[in-house]
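Participant: Encoded as structure tokens, here's the structure I'll be asking about.
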Amino acid sequence: MADLVLKNIVKKYSQGSSVNTIDNIDLSIKSGEFIVFVGPSGCGKSTLLRMIAGLESVTSGTISIDGKDLTYANPSDRNVSMVFQSYALYPHMTVFENIAFGLKLSKEDKSTIEEKVNKVAEILKLDILLDRLPKELSGGQRQRVAIGRSMVRNPKVFLFDEPLSNLDAALRIKTRLEIAQMHQNIDSTMVYVTHDQVEAMTLADRLVILNKGKVQQFATPKDAYDNPKNKFVAGFIGSPAMNFIDVVIQKDYENNQYYISLNNSHGKSNDIYLENHYENIEKYLGKTVTAGIRPEHMQNGFRDSQISNELQSLETVVDYYEYVGADGFLFFDLNNTTVLSRISPSGFKGINNVIELKVWAKKILFFDKDTEERIY
């Protein structure tokens, strides 16, 4: 295990360019943590991972592992191991030979190689497959062999570059679980890249959420979901994605309460009173802001009775409906914006019908229209 520290990391692909592919990133990763770099395509997550591995040069800044500055060290001198999207197995070698290949290059003795390969194979449940060739394995098994080839070297840091993207949905879930269990078993520092936010949420101790080469938030999955720093994080984390609706902050002076109006396409106005953080919203009185409401916070019935006093009614007309088994997704218009609600299918009465939903008002977030930073 090892600490991994990145200080003021910058990457430019052309000298004198004003555009940074990686823009002044600071990260301190604790020994044994499972960190996931997540963000849309082109955000810089794979570039950052390759810089840690030494496969991409650093324009400025420092990369340290276990307190040692390795910014300009050769990849072979960093004691890191990288698992790529492509399995890159030797087709003529058995599973055992593929896993052992690096050890043989290092001229380890035969008994040590056998001991290390068997130990890794047991952890990854490959022990009964050691005599097979890659062509005899499933996609998930091949990826486990690629992981085993990295594990057997006992590196200080494991790096994973979208290792599950070539697998089908069922295999991704299965292999994701295996990677999580592997981390528990070997307790190593791991840095994992993915564009799939569900994959990121389920694997990570902490998330590094990237956009346009900048860290938008470095937080636990729960904190990123509950307390996003800005509109980008709020929209990227969570599935289905958060709804964003332009609203005007208003005040009921008689009751000394702030509220917003959510108007449906049939002229019905729903006043939703704000629950907390008045000191942050006061300066926006009379101004348009962006309200963020997650689909699961607009339902036809919440099971938790303890939040009943935090729920407010919202009446709307259903424009479209998707049945996905345990849930139903309602689409409707609020303030000239199409929004989505996750409901129980038993509450659906048909398209173009009026439906009354309950809004968990305490969970509504607000963002500045210009900066997109969170107000509260």
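The values are calculated or read from the model by the stated rules, or taken from the named source; none is laboratory data. Everything quoted here is computed from the prediction, not taken from an experiment. Methodologically, a virtual Cβ is constructed for each residue, glycine included, from the backbone with ideal geometry; neighbour enumeration extends over all protein chains shown.
Participant: If Cys43 satisfies every condition in (1) buried (at least 16 other Cβ atoms within 10 Å of the Cβ); (2) modelled with pLDDT of 95 or more; (3) under 24 Å from Leu210 (Cα atoms) but one, which is the exception?
Facilitator: Unmet for Cys43, out of (1) buried (at least 16 other Cβ atoms within 10 Å of the Cβ); (2) modelled with pLDDT of 95 or more; (3) under 24 Å from Leu210 (Cα atoms): (2).
Participant: Could you list, in sequence order, all residues of the stretch 48-70 that are touching a strand residue (DSSP E or B) at 6+ places or on another chain (Cβ under 9 Å) and surrounded by fewer than 17 Cβ atoms within 10 Å (Cβ to Cβ)?
Facilitator: Quick first cut of the stretch 48-70, residues touching a strand residue (DSSP E or B) at 6+ places or on another chain (Cβ under 9 Å) only: 48-67, 69-70.
Result: Leu55, Ser57, Thr59, Ser60, Thr62, Ser64, Asp66, Gly67, Asp69.
Participant: If only one of Thr71, Thr62, Thr94 is under 27 Å from Arg172 (Cβ atoms) and of a type in the set (S, T, N, Q), which one is it?
Facilitator: Thr94
Participant: State whether the residues of the stretch 298-317 include one that is loosely packed, with under 15 Cβ neighbours inside 10 Å and over 16 Å from Val359 (Cα atoms).
Facilitator: Filtering the stretch 298-317 for residues loosely packed, with under 15 Cβ neighbours inside 10 Å gives 301, 303-309, 313, 315.
Those still in the list that are over 16 Å from Val359 (Cα atoms) too: none.
No, the stretch 298-317 contains no residue that is loosely packed, with under 15 Cβ neighbours inside 10 Å and over 16 Å from Val359 (Cα atoms).
Participant: While we're looking at this one, here's another question. Using the structure shown, decide if Val19 is of a type in the set (Val, Ile, Thr), on the phi < 0 side of the Ramachandran plot and touching a residue at least 24 places away in the same chain (Cβ under 8 Å). It would help to see each step written out before you state the result.
Facilitator: Working: of a type in the set (Val, Ile, Thr): yes; on the phi < 0 side of the Ramachandran plot: yes; touching a residue at least 24 places away in the same chain (Cβ under 8 Å): no.
No: the conditions fail for Val19.
Participant: Right, something else. Check off (1) in a helix (DSSP H, G or I); (2) without any contact (Cβ under 8 Å) to a residue 24 or more places away in the chain; (3) among the polar types (S, T, N, Q); (4) out of contact with any helix residue (DSSP H, G or I) (no Cβ under 9 Å at 6 or more places or on another chain) for Thr47 and give me the number that stays unchecked.
Facilitator: Unmet condition: (2).
Participant: I need every pair where a residue in the stretch 326-340 that is under 14 Å from Asn352 (Cα atoms) has its Cβ under 7 Å from the Cβ of a residue that is part of a loop (DSSP other than H, G, I, E, B) and small (Gly, Ala, Ser), sequence separation at least 6 or different chains.
Facilitator: Between residues of the stretch 326-340 that are under 14 Å from Asn352 (Cα atoms) and residues that are part of a loop (DSSP other than H, G, I, E, B) and small (Gly, Ala, Ser), the close pairs are Asp333/Ser265.
Participant: Moving on to the next point. Within the stretch 82-92, identify whether any single residue is in contact (Cβ under 8 Å) with a residue 60 or more places away in the chain, under 23 Å from Leu126 (Cβ atoms) and not in a loop (DSSP other than H, G, I, E, B), and answer yes or no.
Facilitator: There is at least one residue in the stretch 82-92 that is in contact (Cβ under 8 Å) with a residue 60 or more places away in the chain, under 23 Å from Leu126 (Cβ atoms) and not in a loop (DSSP other than H, G, I, E, B).
Participant: Any chance the stretch 242-256 includes a residue that's touching a residue at least 12 places away in the same chain (Cβ under 8 Å), part of a loop (DSSP other than H, G, I, E, B) and surrounded by 14 or more Cβ atoms within 10 Å (Cβ to Cβ)?
Facilitator: yes
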